[in-house]
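Report on the following structure.
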Amino acid sequence: MHDVLYRIKQYIRQKNRSRLARRRLRTATNEAEHSSSPAPATPGTVFLRHFPSCTPFRVYHIPQAKVPRVSLLTDSINSGSLYGGVGTAVLLGLEVAKTIGGKLRIVTRTEAAAPQHLARFLRLQRYVPTEEIEFTYLSLNRKSRALDLLKDELLVTTSWWSTLAALKSVPKENLIYLLQDDERIFYPLGDERISCEEVLRTPGLRFVINSSLLKEHFRNEGLISLWENSTHFEPAFPDHIYYKKTGKVRTRRLLFYAHPQNPRNLFHLGLRVLEEGIRRQILNTEVWKIIFVGKDLPAVEFCDGTSPKRFENMPWDEYAALVREVDIGLALMHAPHPSYPPLDVAASGGIAVSTSYGIKQDLARYSSDVLLAPPTVDGLVGALQKAIEEIEKRACGTADAPSSFHLPRSWNATLEPVARWIAEGRETR
């Protein structure tokens with residue numbers, strides 16, 4: 001009997017110990033959770049957590065080399081990045097390097113460069129560098145490697161965030177900011193927009209601006225220092241890339257430049273314009289084949305039961321080949337820059353429909369074949385109808401006026417004066 005009572009007491013004690021252990025574990029866990037809150041951070045650290053692309057980098061100087069060097073600082077030059085602006089930046093960097101008798105180094109921050117994509121792009125442009133291109137990956141990780149710089153090395157930046165990162169380590173006299181749109185409009189009203197404007201208003205910083213229209217926009221916006229410390233160039237459309245593919249009469253093609261992830265391309269407005277054009281019988285899908293070109297494209301069915309053919313993540317040369325077969329391009333851009341896609345179409349013998357914005361009310365200085373309309377369904381459907389009627393007139397030989405395209409057909413011709421301006425500024429520092 002005593003043995004049984006003893007075992008019962010032992011069981012109760014063990015049970016109580018287990019309860020106490022569990023209670024202590026819960027208390028310790030709660031204390032650990034409260035004590036594991038992040039340690040206080042400096043305002044600068046909090047800023048970089050929100051804007052990691054602005055992360056500054058360490059630099060160290062190396063002895064002067066026999067061959068000078070120009071470095072181009074950008075996020076990426078891989079396949080999906082070489083459309084439009086990044087490709088232009090590479091060509092500018094190469095032209096500057098050639099002008100100063102040096103070489104180009106491309107410094108990427110979000111991913112290591114894949115040189116084969118750049119080689120493919122340069123072959124398409126028929127551009128042969130005078131020196132071998134160097135590549136450096138400078139991760140956004142603050143503990144990444146430092147960047148080696150020659151004493152007088154020029155650094156060409158390609159965005160407000162890459163410029164802000166460079167300004168922390170590189171004298172602004174050694175920087176050239178290639179500005180290819182009003183980057184403030186990438187953001188809603190808030191910290192991103194304010195930070196961008198602060199960079200644009202940096203006193204003494206030198207800018208190269210893509211297009212006279214964009215430079216005029218900045219003057220109208222009151223960015224006087226930017227205006228005074230800048231030069232500009234007009235984008236080029238080499239005629240071995242941009243031309244009309246000839247051949248037997250085929251189905252008419254309408255290309256919609258479709259990028260849902262890029263708000264400035266007004267993807268949903270474009271969908272409504274196409275739907276309304278079909279509903280009003282302006283756009284006959286028995287005559288017109290609708291093509292979507294872009295990224296992350298949803299499946300779409302229009303009111304007449306037809307669906308567009310989708311091309312996603314096209315290599316640059318395949319995109320250029322497709323544009324040659326296009327009759328009309330619907331390429332919306334809610335921005336002051338004239339934008340490459342409408343000009344791609346016009347340079348290749350088609351008619352582009354795009355949106356007006358601020359100072360950008362007419363692009364006749366560039367081409368008579370870019371029709372601008374307010375960013376409304378009715379306005380753009382009206383422009384689309386005008387484009388369709390003009391294509392039919394051209395097919396019958398009754399067009400009101402010949403098409404015209406006034407932009408350069410050679411990148412060398414348009415970038416040489418810019419490269420000289422940069423080189424002369426380098427010599428007077």
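The values are calculated or read from the model by the stated rules, or taken from the named source; none is laboratory data. These numbers were taken from a predicted model, which means no experiment stands behind them. Cβ sites come from the backbone with ideal geometry, for glycine too, and all protein chains shown count toward neighbours.
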First in region 399-424 and assigned by TED's automatic domain parsing to the domain that holds Leu104 and modelled with pLDDT under 95, second anywhere and assigned to a helix (DSSP H, G or I) and crowded, with 18+ Cβ neighbours inside 10 Å, Cβ under 6 Å, 6 or more apart | Ala423/Thr99
Members of region 118-144 that are without any contact (Cβ under 8 Å) to a residue 40 or more places away in the chain and small (Gly, Ala, Ser) | Ala119, Ser139
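Residue-by-condition table, conditions (1) of a type in the set (Ser, Thr, Tyr); (2) crowded, with 18+ Cβ neighbours inside 10 Å:
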| site | (1), (2) |
| --- | --- |
| Trp161 | no, yes |
| Lys172 | no, no |
| His217 | no, yes |
| Ser225 | yes, no |
| Asn229 | no, no |
Just a yes or no: is a residue in region 234-251 hydrophobic (A, V, I, L, M, F, W, C), surrounded by fewer than 15 Cβ atoms within 10 Å (Cβ to Cβ) and under 23 Å from Leu164 (Cα atoms)?
-> no
Pull up region 280-295, narrow it to residues that are among the β-branched types (Val, Ile, Thr) and not in a loop (DSSP other than H, G, I, E, B), then point me to the one that is surrounded by the most Cβ atoms within 10 Å (Cβ to Cβ).
-> Val293
Of (1) assigned to a helix (DSSP H, G or I); (2) small (Gly, Ala, Ser); (3) outside the structural domain of Lys289 (by TED's automatic domain parsing), Gly277 satisfies all except one. Which?
-> (3)
For residues that are loosely packed, with under 15 Cβ neighbours inside 10 Å and part of a loop (DSSP other than H, G, I, E, B), scanning just region 400-419, find the one that is farthest from the chain's Cα centre (by Cα).
-> Asp400
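Yes/no per residue for (1) within 16 Å of Gly294 (Cβ to Cβ); (2) in the same structural domain as Ile391 (by TED's automatic domain parsing); (3) assigned to a loop (DSSP other than H, G, I, E, B); (4) in contact with a strand residue (DSSP E or B) (Cβ under 7 Å, 6 or more places away or on another chain):
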position	(1), (2), (3), (4)
Asp317	no, yes, no, no
Val326	yes, yes, yes, yes
Pro341	yes, yes, no, yes
Val345	yes, yes, no, yes
Matching residues in region 92-138 (assigned to a loop (DSSP other than H, G, I, E, B) and either under 20 Å from the mean Cα position of the chain (by Cα) or under 24 Å from Thr55 (Cβ atoms) (or both)) number 7
Hits in region 296-315 - residues which are in a loop (DSSP other than H, G, I, E, B), touching an Asp or Glu at 6+ places or on another chain (Cβ under 8 Å) and surrounded by fewer than 14 Cβ atoms within 10 Å (Cβ to Cβ) | Asp296, Cys303, Ser307
Could you identify the single residue in Glu216, Glu192, Glu198 that is in a helix (DSSP H, G or I), acidic (Asp, Glu), assigned by TED's automatic domain parsing to the domain that holds Ile77 and at pLDDT below 95?
-> Glu192
Keeping to region 343-359, report how many residues are within 13 Å of Gly329 (Cβ to Cβ), without any contact (Cβ under 8 Å) to a residue 40 or more places away in the chain and not aliphatic (A, V, I, L, M).
-> 1
(1) in contact (Cβ under 8 Å) with a residue 60 or more places away in the chain; (2) surrounded by 24 or more Cβ atoms within 10 Å (Cβ to Cβ): which one isn't true of Pro375, the others all being true?
-> (2)
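Which one is nearest to Asn265 (Cα to Cα), of the residues in region 83-99 that are of a type in the set (A, V, I, L, M, F, W, C) and modelled with pLDDT of 95 or more? Walk me through how you get there before you give the answer.
Just the residues of region 83-99 that are of a type in the set (A, V, I, L, M, F, W, C), to begin with: 86, 89-92, 94, 96-97.
Subsequent filtering for residues that are modelled with pLDDT of 95 or more retains 89-92, 94, 96-97.
On the way: Ala89: 21, Val90: 24, Leu91: 25, Leu92: 25, Leu94: 29, Val96: 31, Ala97: 33 Å.
Among those residues, the one meeting the criterion is Ala89.
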Based on what the data block shows, is Ala299 aliphatic (A, V, I, L, M), in contact with a Pro (Cβ under 7 Å, 6 or more places away or on another chain) and without any contact (Cβ under 8 Å) to a residue 40 or more places away in the chain?
-> no
Residues of region 347-359 satisfying the condition of being in a loop (DSSP other than H, G, I, E, B), buried (at least 21 other Cβ atoms within 10 Å of the Cβ) and of a type outside the set (S, T, N, Q) | Gly350
Out of region 36-82, which residues are of a type in the set (Phe, Trp, Tyr) and modelled with pLDDT of 90 or more?
-> Phe57, Tyr60
From Asp362, Asp327, Asp369, grab the single residue that is crowded, with 19+ Cβ neighbours inside 10 Å and free of Cβ contacts under 8 Å to residues at least 60 places away in the same chain.
-> Asp369
